[in-house]
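Since the structure comes first, as structure tokens, the remarks are kept for the end.
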Amino acid sequence: MDMHNKFIDINDVEMVFHTKKGSFHALRDINLTVQKGEFITLIGHSGCGKSTLLNLIAGLLKPSDGLLLCANREIAGPSPERSVVFQNHSLLPWLTCYENIFLGVERVFGATENRTQLRDRTRAALALVGLTAAESKRPNEISGGMKQRVGIARALAMEPKVLLMDEPFGALDALTRAHLQDELLKIVAKTESTVVMVTHDVDEAVLLSDRIVMMTNGPAATIGEILEVKLARPRERVALAQDARYSEYRTTVLEFLYRKQAHPAKEAA
Amino acid sequence: MSAVMDTMMNDKPAPATAEVAIPAAVAVPKVKKTKAARRNLPFAGWLMKILPPVTGLAFLVLVWQIVAAKTGNFPTPLVTLQEAIKLFSDPFYRTGPNDQGIGWNVLASLQRVAIGFGMAALVGIPLGFMIGRVRFLSGMFGPIISLLKPVSPLAWLPIGLLVFKSANPAAIWSIFICSIWPMIINTAVGVQRVPQDYMNVARVLNLSEWKILTKILFPSVLPYMLTGVRLAIGTAWLVIVAAEMLTGGVGIGFWVWDEWNNLNVPHIIIAIVVIGVVGLILEQLLVALAKAFTYEEVSS
């Protein structure tokens, strides 16, 4: 039961970067637990350390102090069980969409499964994001939205325990973004994934999340408030637009971001 | 109409520049499709591409002609052309070790470059990878490379003669020395500049060191490596001519020196053109190769 409630467990995490210009205290006093199957978004102004927190969960960074656990084991480094969808997709440009996904699949399942099974997994991941037709295309031959979908497929194909997404739709136009959010909702419902996602888009956070983790401004940023979004699933964008609770959640987040934590640039002005 | 006449007249001396004109000719159909109404524009564009190089060559020949007319012992363009026709009518004759056709001489030089250059690639590229990946090695080899890189490869020729006790391997040794620096340096820089995003992917996917090398490092370093290879082949081709002048035997550099001893100036001029054309072809081959292996960077 404990494992179910505290699938990811972040205890008193501090993050200090030591650079040539001196040390920078990025995160302080971070405590957060994520349940299995939960969809969490991290929201805050730029520079608040939300990507740093995600990289800590990914294991790409090590905390200066404190402890991060995933399924009761310390997060000691990156692992396919916590796969990451990067902001800039990070597909390898010399591999086709299929090969990009296969690279991860082969690493995770190569020891236990035969070639056919690996191929089926890769094809299934492509089908999940609706890109079966693009499997032999290179990243430079497909659109930005399609690249991001391949990135999601690559992450999901490894059957991760946690899916970590760093502003995955940040660079896309509004229509493509909405389309991919809807697809992500369907995929997450189907795969019952645990997701931690960094965003700066309030609507995206309310639409997708079970809980929204709102972060204070840096330096030495921490978790300001956590908002539980109790909207029934499956969620439908157009219907929610007229839902009173949806607007309420939205207002709460906006109030946090623009009243309580006015943008650092504005404070300076 | 007058434009048509101009090109027709300009076309006649053009064969020498045919290589230069090819890109222009390829570009024409595209323009034609987009704007059918401005029908004479593609033709004018083509003319503008071919006219400057042809004018440049004509100017060069003119200056040459004037210089030749003023001094007595310098051959005119026409004499040189006649000599060239004679020379190229039988490039592969062989009457003795020191009297071979120009084709054999060029091939002998190319063979030396290929061997020296190939060995430099075999040593330099893996060394570049290691220097780029391991900071200790980079600190270890950095000063040595900085010290030896500016040394003329010909200064190494006596060492080659001493060690190999023969002219041919000594010339190859010079080529090896001059080709290896750009290959080491460019490969190492390429490895150091592999985007952090790709390395993060490697870490999240937990790829093995072999997979990182073959699927991430090698493809992303390849464009840098090919730049190094291109710089190296350029220098190698410069150096072989000088090295062969010193070592003798068969080879285009030796041939130039031999013709100087015979006071056959037209042949020297022909050799200069041949060396230039071969160098240009080598360079273009590698540019084409580099283009085929260049990928877009990550940045949505």
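The values are calculated or read from the model by the stated rules, or taken from the named source; none is laboratory data. This is a predicted model, so every value here is computed, not measured. For neighbour counting, all protein chains shown are included, and Cβ atoms are generated from backbone atoms with ideal geometry for every residue, glycine included.
Being in contact with a helix residue (DSSP H, G or I) (Cβ under 8 Å, 6 or more places away or on another chain) and either assigned to a loop (DSSP other than H, G, I, E, B) or among the hydroxyl-bearing types (Ser, Thr, Tyr) (or both) is the filter here; which residues of the range A:22-42 pass it? Once the filter is applied, which keeps residues that are in contact with a helix residue (DSSP H, G or I) (Cβ under 8 Å, 6 or more places away or on another chain) and either assigned to a loop (DSSP other than H, G, I, E, B) or among the hydroxyl-bearing types (Ser, Thr, Tyr) (or both), the range A:22-42 yields A:Thr33, A:Gln35, A:Lys36, A:Thr41. A:Val16 falls short on exactly one of the conditions (1) more than 16 Å from the chain's Cα centre (by Cα); (2) in a helix (DSSP H, G or I); (3) more than 10 Å from every other protein chain (Cβ to nearest Cβ), and that condition is (2). Check whether at least one residue in the range B:158-168 is assigned by TED's automatic domain parsing to the domain that holds B:Thr187, in contact with a Gly (Cβ under 8 Å, 6 or more places away or on another chain), assigned to a helix (DSSP H, G or I) and farther than 21 Å from B:Ile272 by Cβ, and report yes or no. Yes: the range B:158-168 contains one or more residues that are assigned by TED's automatic domain parsing to the domain that holds B:Thr187, in contact with a Gly (Cβ under 8 Å, 6 or more places away or on another chain), assigned to a helix (DSSP H, G or I) and farther than 21 Å from B:Ile272 by Cβ. Does A:Glu141 qualify as being under 18 Å from A:Leu91 (Cα atoms) and in contact with a Ser or Thr (Cβ under 8 Å, 6 or more places away or on another chain)? So A:Glu141 does not fit the description; no. Evaluate the following for B:Pro158: is it surrounded by fewer than 16 Cβ atoms within 10 Å (Cβ to Cβ) and either under 21 Å from B:Gly249 (Cα atoms) or in contact (Cβ under 8 Å) with a residue 40 or more places away in the chain (or both)? Here the answer is yes, as B:Pro158 does meet what is asked.
So is A:Lys137 part of a loop (DSSP other than H, G, I, E, B), out of contact with any Asp or Glu (no Cβ under 9 Å at 6 or more places or on another chain) and within 14 Å of chain B (Cβ to nearest Cβ) or not? Give the steps one after another, and end with the answer.
Numbers: part of a loop (DSSP other than H, G, I, E, B): yes; out of contact with any Asp or Glu (no Cβ under 9 Å at 6 or more places or on another chain): yes; within 14 Å of chain B (Cβ to nearest Cβ): yes.
Considered against the rule, which asks whether it is part of a loop (DSSP other than H, G, I, E, B), out of contact with any Asp or Glu (no Cβ under 9 Å at 6 or more places or on another chain) and within 14 Å of chain B (Cβ to nearest Cβ), A:Lys137 comes out as yes.
Within the range A:58-93, restricting attention to residues that are within 8 Å of chain B (Cβ to nearest Cβ) and over 19 Å from the mean Cα position of the chain (by Cα), the residue that is surrounded by the fewest Cβ atoms within 10 Å (Cβ to Cβ) is A:Pro93. For the residues A:Leu95, A:Leu60, the requirement of being modelled with pLDDT of 90 or more, in contact with a helix residue (DSSP H, G or I) (Cβ under 8 Å, 6 or more places away or on another chain) and farther than 26 Å from A:Ile226 by Cα singles out A:Leu95. In this entry, B:Ile185 is excluded by the filter for residues that are away from chain A (no Cβ under 14 Å), within 21 Å of B:Ala108 (Cα to Cα) and modelled with pLDDT of 90 or more. Out of B:Leu231, B:Leu213, B:Leu205, one residue alone is assigned by TED's automatic domain parsing to the domain that holds B:Leu122 and farther than 30 Å from A:Gly59 by Cβ. It is B:Leu231. For the range A:94-106, the count of residues that are away from chain B (no Cβ under 12 Å) and part of a helix (DSSP H, G or I) is nonzero. Search the range A:94-137 for residues being of a type in the set (A, V, I, L, M) and within 14 Å of A:Gln148 (Cα to Cα), and hand back the single one that is surrounded by the fewest Cβ atoms within 10 Å (Cβ to Cβ). Top of the filtered list is A:Leu128.
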